[in-house]
Amino acid sequence: MRVVITSSDALTAERNVSWPGHYGPRQRAGVVRCADVLASRCMSNGGWRSVLGRLATVALREGTRSLRRGVRNGASPRIPARGRRRPPAGTPRPGEEAIHLEYRPRADGRPDPGEIVWAWVPYEEDDGRGKDRPVLVVARQGGTLLGLMLSSKDHDLDAADEARHGRSWVDVGSGAWDRQGRPSEVRVDRVLRLDPADVRREGAVLNRARFDEVAAEVRRVHRW
């Protein structure tokens, strides 16, 4: 005999179970159908309705207990991505000092924000190799300088490919940092952390208008 749970049976079973908030109608229906199959195999005569109601209640209760045990053991239910909040990129971690993005070049022989200096810049492969190149100092974080590397390559020619790889560039024109007077670009997505003692020499001061353009893009990319 095929036993089918009516809506009133399911409702009675559901009222006897404390459902987790994320345990939706589809999961509930699946457990109730499981109870239906078990009951149809085990029962062949009258009185099935009350017994089936108890069976469904037990099945539902055991299912929710199992789910709770999984949560306690670390198998937490999946949380929609839109419900998670991540700190903006560039936000100092607990215990870190604040980042001060500013324009403060000084003729004091020391590297300051707004100045283009020469420093050792490692390759992105992080294999120990690198090269001396001009770096625009844009901020301080405690005793550390934050800088952006310069390049004389025209990245507008392959802008689509650069954007696809997450690289962002801002034109800063030409200056004393390049002996050949070539126009340069600053890469804003890769921030370099420099010890002031590792700076080779000061190259030039970037004018305020250019610096402000770079700073605006830095804020957009890193949310400083």
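So the values come out like this:
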read-out	value
Per-q log10 I(q)/I(0), the range 100-222, q = 0.09, 0.15, 0.16 Å⁻¹ (Debye; single scatterer per alpha-carbon; no solvent)	-0.22, -0.64, -0.74
Cut-off 12 Å between beta-carbons: net charge of the residues surrounding residue 207, Lys and Arg +1, Asp and Glu -1	-1
Cβ-based charge dipole, the range 100-222, positive-most Cα from 147, 184, 204	204
Cleavage-rule hits, trypsin sites (Lys or Arg not before Pro), the range 109-154, DSSP coil, Cβ neighbours within 10 Å at most 13	129, 153
Full-extension gain in nm, residue 163 to residue 141, via 0.36 nm per residue minus C-alpha separation	5.1 nm
Estimated FRET transfer efficiency (residue 97, residue 209; beta-carbon r; R0 22 Å; 0.05)	0.15
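Each value in this text was obtained by applying a stated rule to the coordinates, not by laboratory testing. No experiment lies behind these values; they were computed from the predicted model shown. Note that we place each Cβ from the backbone using ideal geometry, even for glycine, and neighbour counts take in every protein chain shown.
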